[in-house]
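First the structure, in the form of structure tokens, and then the observations on it.
The values are calculated or read from the model by the stated rules, or taken from the named source; none is laboratory data. Here the structure is a predicted model, which means the values were calculated and not measured. A quick note on method: Cβ atoms are made from the backbone with ideal geometry, for glycine too, and the neighbour counts reach across all protein chains shown. The area values use the complete protein model at the heavy-atom level, side chains included, leaving out ligands, DNA and RNA. Shrake-Rupley method; radii C 1.70, N 1.55, O 1.52, S 1.80 Å.
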Amino acid sequence: MTPGLWKLVLDGIWVTVQLLVLSALLAGFMSFLAGIARTSRRWVVRFLAGLYTEVFRGTSALIMIFWVYFVLPLAFGWQLVPLWAGTLALGLTYGAYGSEIVRGALNAVDPAQREGGIALGFTPWQRMRLILLPQAVPEMIPPFSNLLVELLKGTALVSVMGMGDLTFSATLVRLALQQSAEIYTYVLLIYFVLAFLLTRLMRGLEKRLKAGVGRASDSVPATGTKRAATAGAGAGATAGGSAS
Amino acid sequence: MTWDWNAVGAFMPHFWDGLLVTLEALALGSVISFALGLVWALLMRAPTRWVRWPVGAATEFVRDTPLLVQLFFLFYVLPEWNITFSALTTGVIAIGLHYSTYTMQVYRAGIEGVPAGQWEAATALGLPARRTWTAVILPQAVRRVVPALGNYVIAMLKDTPLLMTVTVLEMLGEARLYSQQHFQFTEPLTVIGVAFILISYPASLLLRALERRLVR
């Protein structure tokens, strides 16, 4: 590995991080938009949000990327800059997964909270903003943390379209050196470190948000957080079969 | 926007070929991930940390890194070590291995969900460890994790297009080949996009129904 090749890898990391941040923002926006819409009282709104979720969850992220790169320019005349095309495809796809998290967390808030809001004469928007979301958001953080790692892994897909992310830089280095063991090991390690940093970041965020509504960060029932592996026979009568 | 039904018609024979390869990869990948996942889950309950710690670290690593890069690793690095598989075999191994690190968590939840009384009863009856697992714990654990495993089959289905990158002609591979030969991108890509929704949405409805019946 020469310094020139390391420069390629560093550029790749930068593109991956940019893509991750932008598509995470779009995915977060779409999650809340569709997730809140799915709890709406109007069936049209619920139906449209459900349609979005099922369409984007139903198909593969790689096919979405192909579609944005090849079909959008031909069919609608929209030629997007690669970074935005990747952001659009990944953000919409992972936003559909995120909307399920938002919907689930909103539904998990004690119904009495909503009823209390109605009794106090809050408008629907005030109820959402002041009562439901502050209680639901901390519960969303652990599953969102998992989704963010999935999104990081998803960003590797844009390399198929020739966008110069971390995975693509590995391809270039492989072609330059005519050997692949070293560079792919490095790239896997870099992705792992990025994923580790993301999980740490989200755990800190969770702690702060939980403190905001007066709850300890440890008591997280029924979310997809990593539990410590329990050793010993018969330990742990808690977790049911409700994974994912 | 132009839509050419003739292109759809011309693409369909390739589509069926691709669908067959996709389903083949999915079936084999599922079998590998179910089997390996159970192995990891059981190893994670080993009495010594010298087994638990390496297995835990390795599976965490595989779970947190992109399947695409793992696929490239297997496809390009293994031949350098004089291990050669066909592209499809490599892809199936990559998918199976990657998803086994997810199914392992599902199995673990299932095993932990078996009531403690079952363990105590097995001990009281003097069942040997092997019988306790095969006759008491696993039948109950596996039953309640079937829907969750099914969710991962659907997730695997949506990751099979990655095999295109290592020259496997599954659905997306066929669509890309056809597009490049005839310079018609809209129809083949839309057809396979719709096909994925038509397969995965009913499958997820089916799983939801199964979940209601199997879990308690």
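Would you please name the residue that is modelled with the lowest pLDDT, looking only at residues in the range A:82-101 that are open to solvent by 10 Å² or more (accessible area, probe 1.4 Å) and under 19 Å from A:Ala156 (Cβ atoms)?
So the residue we want is A:Pro82.
Does B:Gln180 satisfy the criteria of being polar (S, T, N, Q) and over 11 Å from B:Phe11 (Cα atoms)?
Against the criterion (polar (S, T, N, Q) and over 11 Å from B:Phe11 (Cα atoms)), B:Gln180 qualifies.
What are the residues in the range B:19-52 that are modelled with pLDDT of 90 or more and open to solvent by less than 40 Å² (accessible area, probe 1.4 Å), if any?
The answer is B:Leu19, B:Val21, B:Thr22, B:Ala25, B:Leu26, B:Gly29, B:Ser30, B:Ser33, B:Gly37, B:Ala41, B:Met44.
What's the number of the condition B:Val145 fails, among (1) open to solvent by less than 50 Å² (accessible area, probe 1.4 Å); (2) on the phi > 0 side of the Ramachandran plot?
Failing condition for B:Val145: (2).
Would you mind stating whether B:Tyr201 is in a helix (DSSP H, G or I), in contact with a helix residue (DSSP H, G or I) (Cβ under 8 Å, 6 or more places away or on another chain), open to solvent by 70 Å² or more (accessible area, probe 1.4 Å) and not polar (S, T, N, Q)?
Yes.
Which of the residues spanning the range B:69-93 are more than 12 Å from every other protein chain (Cβ to nearest Cβ) and part of a helix (DSSP H, G or I)?
Within the range B:69-93, B:Ala87, B:Leu88, B:Thr89, B:Thr90, B:Gly91, B:Val92, B:Ile93 qualify.
Among B:Ala46, B:Ala10, B:Ala57, which is within 13 Å of another protein chain (Cβ to nearest Cβ), more than 19 Å from B:Leu157 (Cβ to Cβ) and assigned to a helix (DSSP H, G or I)?
Unique residue meeting the criteria: B:Ala57.
Cβ contacts < 7 Å: first residue in contact (Cβ under 8 Å) with a residue 12 or more places away in the chain, restricted to the range B:54-71; second residue outside any helix (DSSP H, G or I), any location; separation 6+ or different chain. Result?
B:Val55/B:Met44; B:Gly56/A:Ala229; B:Gly56/B:Met44
Just to check your reading of the model, which residue among B:Val191, B:Val142 is more than 9 Å from chain A (Cβ to nearest Cβ) and in contact (Cβ under 8 Å) with a residue 40 or more places away in the chain?
From the options B:Val191, B:Val142, the qualifying one is B:Val191.
Return the residues of the range B:53-99 that are surrounded by 13 or more Cβ atoms within 10 Å (Cβ to Cβ), more than 21 Å from A:Leu62 (Cα to Cα) and among the polar types (S, T, N, Q); say none if nothing qualifies.
The answer is B:Thr59, and nothing else.
Pick from the range A:163-189 the residues that are touching a residue at least 24 places away in the same chain (Cβ under 8 Å) and outside any helix (DSSP H, G or I): which of them is least open to solvent (accessible area, probe 1.4 Å)?
Filtering first and then ranking leaves A:Asp165.
In the range B:148-160, what residues are in contact (Cβ under 8 Å) with a residue 60 or more places away in the chain and either of a type in the set (Phe, Trp, Tyr) or open to solvent by less than 30 Å² (accessible area, probe 1.4 Å) (or both)?
Within the range B:148-160, B:Leu149, B:Gly150, B:Tyr152, B:Met156, B:Leu157, B:Thr160 qualify.
Test B:Gly113 against the stated conditions and say whether it is open to solvent by 30 Å² or more (accessible area, probe 1.4 Å) and either small (Gly, Ala, Ser) or in contact with a Cys (Cβ under 8 Å, 6 or more places away or on another chain) (or both).
no
Determine if the range B:122-131 includes at least one residue that is facing another protein chain (nearest Cβ under 10 Å), open to solvent by 40 Å² or more (accessible area, probe 1.4 Å) and either without any contact (Cβ under 8 Å) to a residue 24 or more places away in the chain or touching a Lys or Arg at 6+ places or on another chain (Cβ under 6 Å) (or both).
So far as the range B:122-131 goes, yes, one or more of its residues are facing another protein chain (nearest Cβ under 10 Å), open to solvent by 40 Å² or more (accessible area, probe 1.4 Å) and either without any contact (Cβ under 8 Å) to a residue 24 or more places away in the chain or touching a Lys or Arg at 6+ places or on another chain (Cβ under 6 Å) (or both).
Considering each of B:Pro161, B:Pro128 in turn, give the residue that is within 30 Å of A:Trp67 (Cα to Cα) and either of a type in the set (D, E, K, R) or modelled with pLDDT of 90 or more (or both).
Going through B:Pro161, B:Pro128 in turn, the sole match is B:Pro161.
When you scan the range A:51-96, how many residues do you find that are among the hydrophobic types (A, V, I, L, M, F, W, C), in contact (Cβ under 8 Å) with a residue 24 or more places away in the chain and within 11 Å of chain B (Cβ to nearest Cβ)?
Result for the range A:51-96: 7.
Within 10 Å of another protein chain (Cβ to nearest Cβ), over 20 Å from A:Ser159 (Cα atoms) and either open to solvent by less than 20 Å² (accessible area, probe 1.4 Å) or among the small types (Gly, Ala, Ser) (or both): does that describe B:Ser179?
No; evaluated as a whole, the condition is false for this residue.
Do you know which residues across the range B:121-130 are assigned to a helix (DSSP H, G or I) and farther than 19 Å from B:Tyr107 by Cβ?
Result: B:Ala121, B:Thr123, B:Ala124.
In the range B:155-175, is there at least one residue being facing another protein chain (nearest Cβ under 9 Å), among the basic types (Lys, Arg) and farther than 30 Å from B:Ala7 by Cβ?
no
Is there a residue in the range A:190-203 that is among the basic types (Lys, Arg), within 11 Å of chain B (Cβ to nearest Cβ) and surrounded by fewer than 21 Cβ atoms within 10 Å (Cβ to Cβ)?
The answer is no; no qualifying residue exists.
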